[in-house]
Structure formats: C-alpha cells, structure tokens
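J.: Next up is a structure, given as structure tokens.
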Amino acid sequence: REEKIDPVRYKDFVVSSTRIRRLVGEGRVDEAAALLGHQYCLDGFVVEGDRRGRTIGFPTANLHTGNELVPPHGVYATTMTINGIVRPSVTNIGVRPTVDTSGKTTIETHIFNLDVDLYGTPVRVGFVQRLRDERPFDSLDALRTQIAADCGRARVLFDRLSL
C-alpha cells in the first residue's frame, strides 16, 4: 500500500520543487538553499576556456554541466568541490561582455588560493549567494578591480558562514 508523504514545510511555506526551481531561476540561490537544506549545486567537469582569466590574475575553471537549471546570468559567491574538498570561490554565469562577443554562455569559477590544472576533473559548484548582475566594463583593469571586489564580498560572506 502507498504511504502518503506530508509536504515539507519551512517557515509556513510548502517546499515544492516548482518553488525551488523558481527561486534558482530568479537567482535567489540563498533562499533556495534554505528550503533545500543544502546549496543548490551544478555537477559537471572542467573544460578548457580561452585562458583569459589567468592573464588578469583570476584563473577560472570553466564548467561543462548537463544540468538544465542554471541560475541566471550574474556573479555568485560559490563553493567548488574538487575530489571531496570544498573550496570557496566566485562564479560568473554569462556571456562575458567585456571580453567576448560570441554571446555564448559560460559558467566560470575562480577558486580562492588555488591555481592548478583541472581540465577533465569532475567538480560540483554550490551556489551560496548572488552578488551582482553581469555587466560590461570599459577595460580589463575595470573588470579586474570589480572581480577583486566580488572576491572581497564573497570572503566576508564565507567568514560569516565559517566556510
């Protein structure tokens, strides 16, 4: 016989997959995590990019994922799990308007204090909080300054969360 499973409740909201998908789709990854009980994650593996990040001091791991629910374009405080080790990071999802005109969406993660070759490595990106919208910058220097500020904001957040 079939047992009825009561809906999970969180602060008087019924937690539904539809609600979580909507929150992720709106970039409200911190709220989605609160309902899920863990970070919203994308699993995939690292693929080769154009190596531009390293030229401005922020090497990135480019994620290839089969997950169709990707948060909207923007910059996020994230974690990246590599070989079971969770590392703080920031992730940009978008078309990189300052450096690329192809319009192709990428998911690229800068892992704090780590610069190793991860090509082909399976990884998990966990979304902690949306930091800002993606936008074009007038120069690579302006982009570099903004990425440094994004990393600073993420570090403050991670210190609060003891990550």
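The values are calculated or read from the model by the stated rules, or taken from the named source; none is laboratory data. Just so we're clear, the structure is a prediction, and the values are computed from it rather than from any experiment. All Cβ positions, glycine included, derive from the backbone under ideal geometry; neighbour counts span all protein chains shown. These accessible areas exclude ligands, DNA and RNA; they are computed on the full protein's heavy atoms, side chains included. Shrake-Rupley method; radii C 1.70, N 1.55, O 1.52, S 1.80 Å.
J.: Loop only per DSSP, at most 15 neighbouring Cβ atoms within 10 Å: give me the trypsin sites (Lys or Arg not before Pro) in the range 46-91, ordered by residue number.
T.: Counting only loop positions with at most 15 other Cβ atoms within 10 Å, the trypsin sites (Lys or Arg not before Pro) in the range 46-91 are Arg51.
J.: Taking the Cα centre of the chain as origin, sum charge times position over the Cβ atoms of Lys and Arg (+1) and Asp and Glu (-1), and report the length of that vector in debye to the nearest 20.
T.: 300
J.: Taking amide hydrogens as modeled 1.01 Å from N in the peptide plane, which residues meet the under 5 Å criterion relative to Thr98, leaving out close sequence neighbours?
T.: Correct list: Phe137.
J.: Okay, moving on. What label, among (i) 1.01; (ii) 1.11; (iii) 1.07, belongs to Rg/Rh (Cα atoms, Kirkwood Rh) computed from the structure on display?
T.: (i)
J.: From the backbone phi of the range 129-135, what are the Karplus-calculated ³J(HN,Hα) couplings (6.51 cos²θ - 1.76 cosθ + 1.60, θ = phi - 60°) in whole Hz, Gly and Pro given as x?
T.: 7, 6, 9, 5, 6, 6, 8
J.: Multiply the residue gap between Arg132 and Glu48 by 0.36 nm, knock off their C-alpha separation, and tell me the result in nm, one decimal place.
T.: Taking Arg132 through Glu48 to full extension adds about 27.7 nm, to one decimal.
J.: Here's something else I'd like to know. Using amide H atoms built 1.01 Å from N in the peptide plane, name the residues 5+ places from Arg87, or on other chains, whose amide H lies under 5 Å from its own.
T.: Met80, Thr81, Ile82
J.: Then there is this: Is the shape of the range 49-128 rounded, prolate or oblate, going by the alpha carbon gyration tensor and its root eigenvalues a ≥ b ≥ c, with a/c under 1.5 for rounded and a/b larger than b/c for prolate?
T.: It comes out oblate by the Cα gyration axes.
J.: Roughly to the nearest percent, how much of the accessible area of the chain is carbon and sulfur, given a 1.4 Å probe?
T.: 51
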